[in-house]
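What follows is a short report on a single structure.
A short reminder: the numbers here are calculations on the coordinates, not readings from a lab. Computed from a predicted structure; not experimentally measured. Methodologically, a virtual Cβ is constructed for each residue, glycine included, from the backbone with ideal geometry; neighbour enumeration extends over all protein chains shown.
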């Protein structure tokens, strides 16, 4: 039963939490909504932080999901600069860091994830940066510029986007990656090689297969990254982008089911029917892959915000979506749909040398995922085929003379 | 500033003033108008800000880029006057613009 007058408390004012608040009003929720965020800013888009924003092509207003006055106009009690420290489910009470308490009818956990810190000597030095928030991006922007040496620890998407933006701002950039190839966790080898080649052509240096053993500094500020082989890579600042871990402690401490993330169902509901979890913090079912996992992406945050807002307001559940994400580096648009779970074959469509190609991961004759570089048709059609599970003709899929509209077997 | 009318698939109209320099997509999202999802925030990566531009406005809203054309080619419910609203910049010229939304963005 939905209660449109219920008090909904949303913990976390990121993309997921902010969207849930707005959708609740859009869907006719009339009860009080309290939105708690631990940053000074109202909900904003994080993806541009490593791209357009870092390069100075976007400002705070354009990052904001909604104008600040939106929250008051829609009776959303947005409280910045604070966070929940305790959840007492039996009483439906949340305690905030400043000692205030909130009683909820419905609670949405949208607490996100935090950057993993490297447990090495020197990790407390100034000039060691991460990139999760606008404040992080501000610090990074101040640290890069013509002639500055930036070390990027971690060759994942965040690291590579920062490397590209750093080069655009004139910094010398070296990427230090523990694995032998970039994007090792998330992309196939041909894509890794392609990205390394592009970054090298733009002047980025690489240390592959290099383990960071510590940071050295002078006067409390980082001056170099030490590697397991004994070398020190000199730098003026270093960005650490080695993954994130969910902020699920509040949920776990209160006895909710967690599994590296808060376990939810397809309504984004946790093991407590009054509590939902959405976005980076949620460990969610993904029916097309017949498994549960946690995703860190905007489309996932939006989909789960929709699921929760629909369930809370008594709307029918939204149709399932195919997970996807994107990355912009230099003049490359990478669009990824799906995940390569259980894939038994990798097919290349197009020539990487042309700067325009797609990599398809198949399980039998079904597409599990596609990574598309400057190739919207491959991304768009691939995403549809992942969702509808239609078998494809492999011969047609690798034949550029056959349109993506014709690849179904 | 331009007055823009957004019409949902069910006929519900929303008339709002949108600042010059924003996109038609941002005008909808910042005013919490349903029907334009804009999952990617304007990166031309998702085709979830699809609108139909009234014929009279086709010239003033400009040409779509190859990337936009390519995305639209594979979106649902595409018509000859389909556009991605994140790719239409608002100018004073667009005062009175009317855009309609498709049944679904996904």
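Each label point was placed 7 Å from the Cα along the Cα-to-Cβ direction; for residue A:228 and residue A:189 their separation is 2.1 nm.
Computed over the stretch A:120-168, the Cα gyration tensor eigenvalues convert (square root of 5λ each) into semi-axes of 16, 13, 12 Å, ordered from largest to smallest.
Each peptide in A:218-231, A:355-368, A:192-205 gets a packing score, the mean of other Cβ atoms within 10 Å over its residues, and the list from highest to lowest is A:355-368, A:192-205, A:218-231.
Between the stretch A:258-282 and the stretch A:22-55, how many Å separate their Cα centres? When both Cα centres are located, 19 Å separates them. Here, the stretch A:197-279 has an Rg and a Dmax of 20.7, 54 Å when only alpha carbons are counted.
Legend: P(r) of the stretch A:73-167 from all alpha carbon pair distances, 10 Å bins from 0, whole percents, reading 11, 32, 23, 22, 11, 1. Judged by the gyration tensor of its Cα atoms, with axes a ≥ b ≥ c, the stretch B:1-48 is oblate; a/c meets the 1.5 cut and b/c is at least as large as a/b. Show log10 I(q)/I(0) for the stretch A:331-406 at q = 0.14, 0.19, 0.21, 0.27 Å⁻¹, two decimals, from a solvent-free Debye sum over equal Cα scatterers. For the stretch A:331-406 at q = 0.14, 0.19, 0.21, 0.27 Å⁻¹, log10 I(q)/I(0) is -0.36, -0.68, -0.84, -1.41. Computed log10 I(q)/I(0) for the stretch A:128-242 at 0.10, 0.18, 0.21 Å⁻¹: -0.26, -0.86, -1.17, from the Debye equation with unit scatterers placed on every C-alpha and solvent omitted. The stretch between residue A:72 and residue A:201, if pulled fully straight at 0.36 nm per residue, gains 41.5 nm over its current Cα-Cα span. Look at the Cα gyration tensor of the stretch A:1-123: its axes a ≥ b ≥ c give a/c of at least 1.5 with a/b at or below b/c, and that counts as oblate. Structural size metrics of the stretch A:286-354, computed from C-alpha coordinates, are Rg and Dmax of 15.8, 51 Å. For the stretch A:211-252, the Kirkwood hydrodynamic radius comes to 12.3 Å, computed from all pairs of different C-alpha atoms. What the pair-distance distribution of the stretch A:277-409 shows, using all Cα-Cα distances binned every 5 Å from zero, is 2, 10, 19, 21, 17, 13, 9, 5, 2, 1, 0 percent. Annotation: average projected area of the stretch A:65-108 is 3.8 square nanometres, based on the convex hull of Cα atoms across all directions. Stokes-Einstein diffusion of the stretch A:33-81 at 25 °C, 0.890 mPa s viscosity, Kirkwood radius from Cα pairs, rounded to a whole number: 212 µm²/s. Derived value for the stretch A:176-326: Kirkwood hydrodynamic radius 18.6 Å. Basis is the mean of 1/r over every pair of different alpha-carbon atoms.
Helical runs assigned H by DSSP (4 residues or longer) give chain A a calculated mean residue ellipticity at 222 nm of -6500 deg cm²/dmol, each run adding -39500 (n - 2.57) before division by the residue total. Shown here are the Rg and Dmax of the Cα trace of chain A, at 22.3, 65 Å.
Measuring max minus min along each principal axis, the C-alpha atoms of chain B give extents of 31, 27, 25 Å (largest first).
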